[in-house]
Structures are given as C-alpha cells and as structure tokens.
Amino acid sequence: MKRSFVNIVSSMLIAVLLTTAFGCYGSFPLINKVYKFNGGLGNKFVNELGFLVMNIVPVYGVAAFIDAVLLNTIEFWSGRNPVSASNDAVVPLDPTSTLTLRGADGSVLLTTMTDEGISQYVFQKGTDGTVVRDVSGKVLARCTMTQDGGMRIYDGNSNLVADCSAAQVQHLGDASKSSK
C-alpha cells in the first residue's frame, strides 16, 4: 500500500517537473475562467463565500492541476490551448485593415494601421441599432434604423450627425455592390 502511494506521488511529481522543465509557463485559461465565474457571483460577500466553497470542494485545485499538467502540455506542443481557443474569424480588407468577427460576444473589431499607429473600433449590434466604441469601451457613434428603412447616426454624445432616407441607404448599398 505504502509502495503504491509513493509510486503515484513520484509519477505526479515527475509529470509536473516535466511540464515545467521545458520553460512553458502557459496561459492558464481554465483557472482564469473559474476565477471570473467566482467574481461574477454577486457582491464581495457572495464572491468570498463562493471562493471558500470552491476551495473546500477543490474546484480551484482541480482546475489548476488540469491547467498545469494537461492543458499546459497541450499548449506547449501544439502552440494552442484548447480552453482558450476562440472562434474568431479574421477577414483581411486590404493590406492595412482587418475585420475580426468575434464569436464570443458577436462584435466586429476593425483594425487599421496608419502612419500614426493602429486604430481599433468595436462594432456591437444591439436591439436598437449598432454602437461603435473604441477598444477602451468609450462610445464613439451609434446608428439606428428608422421605420421606413432609413438610418440615423449619432455621435458619442448622442447628437444627431446624419439622417439618411431609405433611398440614400439603398443607394449606398448599391454603390457598395457595384464597387466589388
């Protein structure tokens, strides 16, 4: 009995050492997901209670072990961690611009390289239209559709910038199609 326990502990120690000896630290996405889940349970008292429960029932320990031994090894050999794999799609528009269709939240990220640096804008569709934000979350513009098929564009301070009729929107669509 004592011999098998020593063998199990030795095997686990060797597995951990092999994983860490290669110098692959890893991104630990599973433990981060558990942490974010715990942080979203409620106020600080509920979060603390959840933290204690997830340590007594070793959710954090199991997640850390799986991250360190299994997922980190997969990430080291393949270059991708299966937990953090996203379903984002990157569409190149031209040599300086890309659209990233982000599957996690359904938003679209426009990235453009200019002489001044990189500009990024996030387009998020909502129930009342589309909101354009910078990457820090500041609202830059909002676009809503009217009942007749027109479009209203507002700046970040909700000031009306443009009011397009349905015919103007249709003309814009037609011009876009003909340029392809």
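Every number in this text was worked out from the coordinates using simple rules, so none of it is lab data. Because the structure is predicted, anything quoted here is derived from the model rather than measured. Glycine gets a Cβ as well: all are built from the backbone with ideal geometry, and neighbour counts include every protein chain shown.
Would you please give the FRET efficiency between residue 27 and residue 77, computed as 1/(1 + (r/R0)^6) with r the Cβ-Cβ distance and R0 = 22 Å, to the nearest 0.05? Before the final figure, lay out the partial values.
Values: r = 14 Å, r/R0 = 0.66.
That gives a FRET efficiency of 0.90.
Taking a ≥ b ≥ c as the square roots of the eigenvalues of the Cα gyration tensor of the stretch 26-161, is the shape rounded (a/c under 1.5), prolate (a/b larger than b/c) or oblate? Mind dumping the intermediate values first?
Details: a/c = 3.01, a/b = 1.65, b/c = 1.83.
It is oblate, given that a/c is not under 1.5 and a/b is not larger than b/c.
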Legend entry - Calculated from backbone phi, Karplus (6.51, -1.76, 1.60) coupling profile of the stretch 117-124 in Hz, x at Gly/Pro: x, 9, 10, 10, 10, 9, 9, 10
Inset, instruction - With label points built 7 Å along Cα→Cβ from the Cα atoms of residue 96 and residue 139, find their separation and express it in nm. - result: 3.0
Inset, instruction - Step through the residues of the stretch 62-71 one at a time and calculate ³J(HN,Hα) from phi using the Karplus curve (6.51 cos²θ - 1.76 cosθ + 1.60, θ = phi - 60°), rounding each to whole Hz and writing x for Gly and Pro. - result: 5, 5, 5, 5, 4, 4, 5, 8, 8, 5
Legend entry - Ordering of 159-165, 45-51, 66-72 by burial proxy (mean other Cβ atoms within 10 Å per residue, highest first): 66-72, 45-51, 159-165
Legend entry - In order through the stretch 135-148: 3J(HN,Hα) via Karplus (6.51 cos²θ - 1.76 cosθ + 1.60), integer Hz, x for Gly, Pro: 5, 7, x, 5, 6, 9, 7, 9, 10, 10, 9, 8, 4, 8
Inset, instruction - Would you calculate the separation in nanometres between label points at residue 107 and residue 159, each defined as 7 Å from the Cα along the Cα-to-beta-carbon direction? - result: 2.5
